[in-house]
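The values are calculated or read from the model by the stated rules, or taken from the named source; none is laboratory data. What you see is a predicted model; the values in this text were computed from it and never measured. Cβ: placed from backbone, ideal geometry, glycine included. Neighbour counts: every protein chain shown. What goes into the accessible areas is simple: the full protein's heavy atoms, side chains included, and nothing from ligands, DNA or RNA. Shrake-Rupley method; radii C 1.70, N 1.55, O 1.52, S 1.80 Å.
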Amino acid sequence: TDRGVAEVSLRVLITGFGPFPGAPYNPTQPLVARLMRLRRPALSDVELSSHIFPVTYRAVDQELPKLLAKLRPQALLMFGLAGRTAHVRIETRARNAVTLLWPDAAQTRVRKGSIGLGPDAMMFGPHTAKLLRAARAAGIDARPSRDAGNYLCNYLSWRAIEAAGTDEHLKLAAFIHIPLLARGAPSPRGRITLEELVDAGEAMLMEMVKQARQAVRETPQGGSLNVENNPMQS
């Protein structure tokens with residue numbers, strides 16, 4: 001951005017994933033690129049940053065902390081691909097689980113079925129319900145989800161919720177699963193197009209900005225916000 005730091009009141013990081021085994025094309029990449037080009041009055045004092053994670057556990061563990069330290073975002077809006085789902089999924093929690101079956105894009109397999117010590121699951125927070133309403137208001141089929149899987153999307157979600165509870169700046173995090181997209185006009189199967197997804201993505205981004213502003217106002221200077229990461233049984 002070419003705005004001065006003094007004029008920026010909110011920083012938002014938008015992320016997607018690259019290709020991975022079984023998905024040589026990941027539509028989160030063009031979606032993130034389109035959202036980064038948005039020019040709206042409501043974003044005039046918002047600094048948008050983006051990042052595309054390689055689909056590896058090592059990349060998440062190494063790159064997420066560096067991004068948070070460098071960019072100091074107050075909000076983190078993450079997108080991932082759910083190729084077997086025909087609708088948009090607003091994830092409400094991350095599970096303390098990781099698959100032993102599928103290697104990541106670097107052919108790395110994890111050695112245990114949990115991410116680490118801690119509860120069975122952690123919640124993103126009540127703002128996910130507002131993101132769901134925003135997506136639906138944009139005319140897209142969006143539904144809440146309690147299961148982000150046990151692959152990299154869930155893994156990033158877990159690490160993001162951890163960060164939202166401990167990072168000095170990060171107040172809110174959200175993860176959105178998107179389906180494979182139709183190319184061009186809607187397909188006979190009703191598959192969502194990129195244009196429809198951009199509209200919904202913009203609506204969710206605007207809502208995320210609104211919620212992050214409120215969280216910043218309600219958080220004591222220098223403190224972090226509790227993002228309702230209470231244990232929740234699977």
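Computed values, structure above
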item: Amide H within-cut-off set for Gly18, under 5 Å, with H built and near neighbours excluded; result: Phe53, Val55
item: Amide hydrogen neighbours beyond the local backbone of Thr193, cut-off 5 Å, H modeled; result: Ala182
item: Cβ-based net charge around Lys66, under 13 Å, with every Lys or Arg adding one and every Asp or Glu removing one; result: +1
item: Mean separation of Cα contacts under 8 Å (6+ apart) over length of the range 63-120, as relative contact order %; result: 26
item: Using a Förster distance of 25 Å, the FRET efficiency for Ala23-Arg146 (Cβ separation, nearest 0.05); result: 0.65
item: Long-range HN-HN contacts of Phe124 with modeled amide H, under 5 Å; result: Arg93, Ala94
item: Greater than 26 Å apart at Cα, pairs in Lys70/Lys210; Lys70/Lys130; Lys130/Lys171; Lys66/Lys130; result: Lys70/Lys130; Lys66/Lys130
item: Net charge of neighbours whose Cβ lies under 13 Å from the Cβ of Ile140, counting Lys and Arg as +1 and Asp and Glu as -1; result: 0
item: Where only C-alpha atoms are counted, convex hull volume of the chain per residue in Å³; result: 125
item: Residue-normalised accessible area of the chain, given per residue in Å² at a 1.4 Å probe; result: 48
item: The chain, accessible surface, carbon-and-sulfur percent (1.4 angstrom probe); result: 52
item: Inter-part distance where the range 38-77 and the range 80-114 are each reduced to a Cα centre, Å; result: 20
item: Average Cα contact separation per residue, the chain, under 8 Å, 6 or more apart, as relative contact order %; result: 26
